[in-house]
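One structure is given below, encoded as structure tokens.
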Amino acid sequence: MKKLMFLLPVAALMAASCSNEEKLESRNAQQQAVSFRPLVDRTRGEAVTLSNLQQFRIFAKGTEALESEFTDIVTDGGDGTWSTQNVHYWNSTAGNETKEAQFTAVYPASLMTAFAATTPLDFSSLANGRDQVDVMAAFNTATKATDADNGVALKFKHALSQIVVRASNKNTDQRKVEIVGVKIANVKTKHTLYLPVAPTNGTAAYTPFSGEPTTPIDMIIKGKAADAVTLTSTAQDIMFDGGGFMVIPQTFTTADAGNLQSSDTYISVLCRIYVKNETTGAWQLVYPYVAEGTTDNGSFAFTSVGISGAWEPGKKYTYTLNFYQGTGGSGTVDPDYTDPTDDPDPDPGNPNDPSEPKQPTPDPENPTPTDPTNPDPTNPDPNPTKVPIFFTVTVDDWTDATDGDFNKVMD
């Protein structure tokens, strides 16, 4: 695998331009002029917290505990009380106060509209992990006697993993690195999602997926050329919008980090690399290679580093790529070159564009919920023995992963 060290002095680089050209031409696609149309700026891969959670779907079971079983959208009333769009009641029959109901909640609300505890969901993440919304689930049991006054407690657990990539350049005096895109290769995207059957606000573990997912793809994000990130000695986010990749939990390996194969899992960054001319102080582009006598056309190319390990649900994995750290260089040529001109989102923001990634969308909200038992607003409580069901909601914090190799030297 070709390594992109670029440790030669400028004079040697210029004198050996023919040998450099021969070296880089070993992978011709890497040297072709690259141009791309940037994606529109918008928040993607946003992790859900209690502060930005607005609604979810609830499935309520328990014929004796409830006036009737129901499926509905739950919305935040703004005061910490979460209520369904339509009013639903506990069973008011005497003696049923201690009968148990089961409440299963999912986010986003459009994740599923019908539910059976024994039927898992065939789940496919979006091809662009940054477009994938957070997926969460919660479960609890409750009775009228214990939960009618304070609300049914629901604690959401994250089903996906969150991936963020940062980068630094440890030799800013002699090297300049500009980054305008990030790729994670061979991310598996299909699995079977199981909803919790034990209270998620208790001590029971929730395992949303069992076994390994399938269908690996390359996930790519790109920023605007004008907004390319110039690396400094301090690691900085290179996700371009503050988001991250939301991916299915999985394990992955790189057999030989120094000899990446197209089947490996690795991080690849779309970049331009320069070396400083010691005589003039000007920056000379060395990657992607531009033949002597030709014009720098603003092209970018990929350079990569292998990763191994596992991604677990509810954990945030932050990879830091360090260029020119110690005896390190700038990584290796991407073993499965991806042409950045192949824009997977040719018309971003256009909902009628068939190529536009489709976000799950919540069901239309009912701005004025109606009590189905009382259509007469002049008499709001004809049966004072009826007790409406409401919820108190929390969202599990994301855990920063520390049990792995996340500080990568670009060899």
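The values are calculated or read from the model by the stated rules, or taken from the named source; none is laboratory data. All figures in this text were calculated on a predicted structure; none of them were measured in a lab. Positions of Cβ are generated from backbone atoms using ideal geometry, with glycine treated the same way; all protein chains shown enter the neighbour counts. Just the protein is used for accessible areas: all its heavy atoms, side chains included, with ligands, DNA and RNA removed. Shrake-Rupley method; radii C 1.70, N 1.55, O 1.52, S 1.80 Å.
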Kindly establish whether Ile248 is touching a Pro at 6+ places or on another chain (Cβ under 7 Å), among the aliphatic types (A, V, I, L, M) and closer than 25 Å to Lys408 by Cα. yes
Exactly one of these conditions fails for Ile220: (1) under 22 Å from Pro335 (Cα atoms); (2) modelled with pLDDT of 95 or more; (3) not charged (D, E, K, R). Give me its number. (2)
Take the range 245-303 and flag every residue that is closer than 16 Å to Asn186 by Cβ, of a type in the set (S, T, N, Q) and within 27 Å of the chain's Cα centre (by Cα). Gln250, Thr251, Thr253, Thr254, Gln261, Ser262, Ser263, Thr265, Ser268
Got at least one residue in the range 302-310 being farther than 25 Å from Gly242 by Cβ, modelled with pLDDT under 95 and touching a helix residue (DSSP H, G or I) at 6+ places or on another chain (Cβ under 6 Å)? no
Among all residue pairs at least 6 apart or on different chains, which show Cβ distances below 6 Å where the first residue, located in the range 124-139, is farther than 14 Å from Val48 by Cα and open to solvent by less than 10 Å² (accessible area, probe 1.4 Å) and the second is of a type in the set (Val, Ile, Thr) and not in a loop (DSSP other than H, G, I, E, B)? Gly129/Val247
Inside the range 167-191, can you point out the residues that are basic (Lys, Arg) and open to solvent by 10 Å² or more (accessible area, probe 1.4 Å)? Lys170, Arg175, Lys176, Lys188, Lys190
Inspect all residues belonging to the range 92-99 and state whether any of them is surrounded by 13 or more Cβ atoms within 10 Å (Cβ to Cβ), closer than 22 Å to Pro120 by Cβ and of a type in the set (S, T, N, Q). no
Could you please let me know if Phe156 is modelled with pLDDT under 95 and out of contact with any Pro (no Cβ under 7 Å at 6 or more places or on another chain)? no
Residues being under 17 Å from Lys190 (Cα atoms) and modelled with pLDDT under 80 - total across the range 113-125: 1
Among strands (runs of 3 or more DSSP E) entirely inside the range 243-342, those with 1 or more residues being open to solvent by 10 Å² or more (accessible area, probe 1.4 Å) are 250-252, 266-276, 283-287, 301-306, 309-311, 315-323
Restricting the range 197-229 to residues that are open to solvent by 60 Å² or more (accessible area, probe 1.4 Å), hydrophobic (A, V, I, L, M, F, W, C) and assigned to a loop (DSSP other than H, G, I, E, B), the one nearest to Ala159 (Cα to Cα) turns out to be Ala205
Quick one: which residue in Glu46, Glu64 is within 23 Å of Met219 (Cβ to Cβ) and either surrounded by fewer than 16 Cβ atoms within 10 Å (Cβ to Cβ) or at pLDDT below 80 (or both)? Glu46
Which pairs have Cβ atoms under 6 Å, sit 6 or more apart or on different chains, and link a residue in the range 201-220 that is under 13 Å from Leu160 (Cα atoms) to one that is open to solvent by less than 50 Å² (accessible area, probe 1.4 Å) and hydroxyl-bearing (Ser, Thr, Tyr)? Tyr206/Thr200
Condition first: among the aliphatic types (A, V, I, L, M) and at pLDDT below 95. Now tell me which residues in the range 75-104 satisfy that. Ala94
